[in-house]
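The values are calculated or read from the model by the stated rules, or taken from the named source; none is laboratory data. In this text, all values refer to a predicted model and were calculated from it rather than measured experimentally. Positions of Cβ are generated from backbone atoms using ideal geometry, with glycine treated the same way; all protein chains shown enter the neighbour counts. Note: accessible area is taken over every heavy atom of the protein model, side chains too, but ligands, DNA and RNA are not part of it. Shrake-Rupley method; radii C 1.70, N 1.55, O 1.52, S 1.80 Å.
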Amino acid sequence: MSEKREIKTFHLTTFGCQMNLADSSTLVASMIARGYRRVESEEEADLIILNTCSVRQKAEQRVIGRLGELSRHKKARPGVKIAVVGCMAQRLGTDLVQDIPYVDFVLGTDRVFELPDLLEGNEVASRVMTAFGHENIDFIEPVQENAHSGFVTISRGCDNFCTYCIVPYVRGREQSHSVAHVIDGVRKMVDRGVVEIMLLGQNVNSYRYESVDFPELLRRVAHETEIERVRFMTSHPKDFSDRLIEVMATEPKLMPHIHLPLQSGSDRVLRKMGRIYSRDHYQKIVDAIRASLHYVSITTDLIVGFPGESAEDYEMTLDAVKEIQFDAAFMFRYSVRPGTRAAEFEDDVPEAEKIARLNRLIELQQSISLERNQREVGQTRYSLVEGSSRRSRRDARARTEGNKTILFPEAAPKPGTIVPLRVTSADAFTLHGEPLEAC
């Protein structure tokens, strides 16, 4: 006999980027507002939700593996429901329930927030809901990551259609929130005690609402709210303007960290990726940023082994990394994403060669990151305390203006406070410091 139960509790696991985390927090708030209770363990949950990522194959494999583990809950408690939502749900749709029939609900990116209505019978019952055009983006509330920081989504979707990227297909075309919605979101964060916010979008630089573009939005957030620190991601080089650099140089609330994906140092590969900028154009942006900001941390994304990438193309990427001197980088070997234009290309770089290229790139970037961090030694960084160090309870962990982790001696740190720290040493990943008054 199958077990039937009323859904009262839920457990949610998030895979992927900050945008997914923001969506999860909005969904959690919506569920709680409707009377559902979030629980810490799957064993306690009437509904188990996986908010998924589809950007890379590995992310989807993790979800598939997790779903395999969840089958035990169905066997032990047949009344338990399983919902897969977000990007992977959008991409796979009905294929997901055909391959894993014990999944109860599949909701794509435009339908995630309809889950409470679906559970309560206010939405037409369907196991798979992936149609675009159903999302009211002004429903997306600001998300408090912890007691002192939060996310405010300024846009959703993407219009770039890079050939390797699944995002436009699983999140739809770009839509910008109204300026009033963004300002109100930041003010709500401040009212909750948040010190630092991250403005989120797949491409924040292309934000536009009526006559307001991204640099103007940043200026208004800085002037019209009491937030102390503002960050943003992700930027696209094709839309990175001189006016944005000017605003960053003149507004002290804007933190001097820019994540600017390069992806490849080869113009030929960039064209094949559909990136719409050249290596020279990217370098001019970096030169302008460093000429205008007395201190800035620049990080990036890099892909090796893209279809057709020759040994010469790869060397161009290494040369670009050496010349630009990134503070840090997220580095990946290319994997085919079904549904993208690049999936139609011949994946002609052998896997062993991809791994070798990636390992060499990682080794190079780590040496550069060490050198960049060594330049921080002796400098004072005003750092936002996040809590205790994961390595030692005798140390506190903070985040510098340049978005670098810094550890310093403090047995009882006060999260949310901004403290001046003198950097005393550094490795490739972490700074170490001491309070300025102790120097």
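Structure data summary
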quantity	calculated
Where the chain is the region considered: accessible area per residue in Å², 1.4 Å probe	44 Å²
His236 long-range amide H proximity, modeled H, under 5 Å	Val204, Asn205
Built amide H within the under 5 Å cut-off of Ser266, gap 5+	Thr317
Cα-centred dipole magnitude for segment 334-439, charges only on beta-carbon of K, R (+1) and D, E (-1), debye, nearest 20	500 debye
Taking the chain and dividing mean pair separation by its residue count, relative contact order in percent (alpha carbons under 8 Å, at least six apart)	9 percent
Restricting segment 24-117 to GluC sites (Glu not before Pro) in coil, as DSSP defines it, with at most 10 other Cβ within 10 Å	Glu40
Dipole of segment 204-324 [Lys/Arg +1, Asp/Glu -1 at C-beta], most positive-end residue of Val212, Gln263, Thr250	Val212
Charge tally in the Cβ shell below 10 Å around Leu270, where Lys, Arg are +1 and Asp, Glu are -1, Leu270 excluded	+3
Whole-percent carbon and sulfur share, accessible surface of the chain, 1.4 Å	49 percent
Helix axis angle, 57-76 relative to the chain longest principal axis, alpha carbon, degrees	30 degrees
Helix 351-374 vs. the chain, principal-axis angle (Cα, 0 to 90°, nearest 10)	50 degrees
Those GluC sites (Glu not before Pro) in segment 138-237 that DSSP places in a loop and that have at most 14 other beta carbons within 10 Å	Glu210, Glu226
Local net charge near Arg66, Cβ-Cβ under 11 Å (Lys/Arg +1, Asp/Glu -1)	-2
Net lengthening on full extension, Val190/Ile64 (0.36 nm per residue, minus Cα-Cα)	41.5 nm
Relative contact order (%) - criterion: Cα under 8 Å, at least six apart; region: segment 299-422	22 percent
For Ala329, residues with placed amide H under 5 Å, excluding near neighbours	Thr300
Packing rank of 199-209, 323-333, where each peptide gets the mean count of other beta carbons within 10 Å, highest leading	199-209, 323-333
Additional length obtainable on full extension of the chain from Glu43 to Ala29, 0.36 nm per residue less Cα span	2.9 nm
Trypsin sites (Lys or Arg not before Pro) lying in DSSP loop within segment 350-390, provided at most 10 other Cβ fall within 10 Å	Arg390
